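K.L.:
Provided herewith is a single structure, encoded as structure tokens, for subsequent inquiry.
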Amino acid sequence: MRYRIRVDEETLELDVEPRSEGGYSVRGPDGRECVVDSLGGDPAMLSLLAEGQVLTVLPSEGEVRLHGERYPVRAESWQERGAARPSMNPGALARSISASMPGRIVRVLCEAGAQVGANAPLIVIEAMKMQNELCAKNDATVRVVHVSVGQTVERGAILIEFE
């Protein structure tokens, strides 16, 4: 799952996936991965081991402690972030659909020139073994479809444009 993490004044996007042998694989924006293991604790104070460094996380206080220093931290998943965004003006028209995460196109359910209604499924993208259906935000005509089945896309890639 992708998380947006703000530590002090720096914001990072991290992909966090559970490992079958325990712990988590964390990949940063530079593509580098590290393993993070839990050293125990309780929901009020967690201890994590990341690349030989012990981090103390205090979720209720919104801080991380490392080497005796305290850093304010805020984390939210991409789903929480999307749910928190203010809704668009109902009269505003979406001109394109972009990938909200990296993934592989599983199905393309429309073609250029097609008239689509609001909430019509248009693309199915697979990310982290989950399939996500991307739908039209409003009634529109498909101008161009930029992807095909089996293609991999990066986060932010424009998948479909509307007239």
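K.L.:
How far apart, in nm, are two points set 7 Å out from the Cα along the Cα-to-Cβ line at Glu154 and at Tyr71?
P.N.:
2.5
K.L.:
Quick one: in the chain, what % of C-alpha pairs are over 20 Å apart?
P.N.:
Every Cα pair in the chain considered, those over 20 Å come to 60 percent.
K.L.:
Just rank Ser100, Ser60, Ser47, fewest to most, by other beta-carbon atoms within 10 angstrom.
P.N.:
With the fewest neighbours first, Ser100, Ser60, Ser47 line up as Ser60, Ser47, Ser100.
K.L.:
On average, how much area does the Cα convex hull of the range 1-66 cover when viewed from any direction, in nm²?
P.N.:
4.8
Values quoted throughout were computed directly from the atomic coordinates according to the rules given, and no laboratory measurement underlies them. Since the model is a prediction, treat every value here as computed from it, not as a measurement. A quick note on method: Cβ atoms are made from the backbone with ideal geometry, for glycine too, and the neighbour counts reach across all protein chains shown.
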